[in-house]
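Comments concern the structure below.
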Amino acid sequence: MSKKPVSLDLSRRDFLTKTSASLTAPILASSLPTIANAKAPFLGTSKPQFYRIKVGDFEITSISDGEAMIDKVHPIFGANTTKEDVDSVLNNNLMPTNLFNPSFTPTIINTGEKIILFDTGNGDDGFAPRPLAGRLTRQLESAGFTPEQIDIVVLTHGHSDHIGGMKEKDQEVFPNAEYVISAIEFDFWNNLEDIPKGLEGFSRTFIANTKGLKEKFRFIKPGQDVVTGVQAVEAYGHAPGHLGFHIESKGKQFLIWGDCAHHHVLSLARPDLHFFFDWDKEIAAQTRKKIFDMVATDKLAVIGYHMPFPAFGFVEKRDNQGYRWIPNSIQLK
């Protein structure tokens, strides 16, 4: 049953009268003398751990696997330009020039028939160490799931912050799941002998986490369905077989874009900037422009794995080159 919008038929006098009455009690209470002014203990920072919405008949839950804190931005972003160029974009958007804070956000889609997990977080041996990240299995219960309930695990690509949570202490975390990935991606990371220099660690983690599971994998190409309503989208560049996923239910649509963006300002405002962890930096830049233009033109909702949690948002085209990330507020209610 849909909720009726709250009526705003309230005069300024009514508002002031009612507001004044509601504020009187706490103001009077705060003016009374207190017996003691004991210091209150700090409780530490707190962030939400999961977020759930409905899109058509699908229920979508984003789960925080944690975050990383990296004390530089350039040349991780923008090795193909100057630090001053990158800093200018950050300063103009009130962002620090010496701090990069990516989130890690696996997503669960409950179609009513299947429970599908997109990416598994960092786990024991991912990109970001515990306790900063690797929280997926601990957060599943609070979000209302158990690992045994997961029917399908979709891997957008093979980087360790996406596949690190497949196993813990060499034991499979999702024992009843089928795994879905691009064959290009699976073959690339499973071939340590031919892996490009600098990517050996990613390859070793991928091999360790997929060992003994090949018979449980289904290989998918762009345009093919994971299940009805969940279709793979080509997003090559960040990794050789990197995929996004177009989701549709009852006419409602959105895109899981995996790692098409790593910084909610820089990646969108300047999609041409090279990103250190992109496998093919020019193809990745072309993919960003293509994906951003598509979702901006179609006003398509997005879940971005590294966008600020809860990672739901939209993209607005700002000029001939740049885009802007708009976090979801009430658009998807």
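All of the numbers you see were taken from the coordinates with simple rules; none came from a lab. This is a predicted model, so every value here is computed, not measured.
Data table
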{"quantity": "Calculated from backbone phi, Karplus (6.51, -1.76, 1.60) coupling profile of region 117-132 in Hz, x at Gly/Pro", "calculated": "9, 9, 6, 10, x, 7, x, 6, 9, x, 5, 9, x, 6, x, 4"}
{"quantity": "Kirkwood-based shape ratio for region 130-233, expressed as Rg/Rh from alpha carbons", "calculated": "0.97"}
{"quantity": "Calculated P(r) tail over 39 Å for the chain, as whole % of Cα pairs", "calculated": "21"}
{"quantity": "Antiparallel DSSP beta bridges within region 50-251, percent to nearest 5", "calculated": "75"}
{"quantity": "Gaussian network model of the chain, springs between alpha carbon atoms under 10 Å - residue of S267, S62, S249 with greatest fluctuation", "calculated": "S249"}
{"quantity": "Derived scalar couplings ³J(HN,Hα) [region 82-98; Karplus, 6.51 cos²θ - 1.76 cosθ + 1.60; whole Hz; x for Gly, Pro]", "calculated": "8, 4, 4, 5, 5, 4, 4, 4, 5, 4, 5, 10, 6, 10, x, 8, 10"}
{"quantity": "Residue with peak Gaussian network fluctuation, the chain [Cα springs, cutoff 10 Å], from A284, A79, A269", "calculated": "A79"}
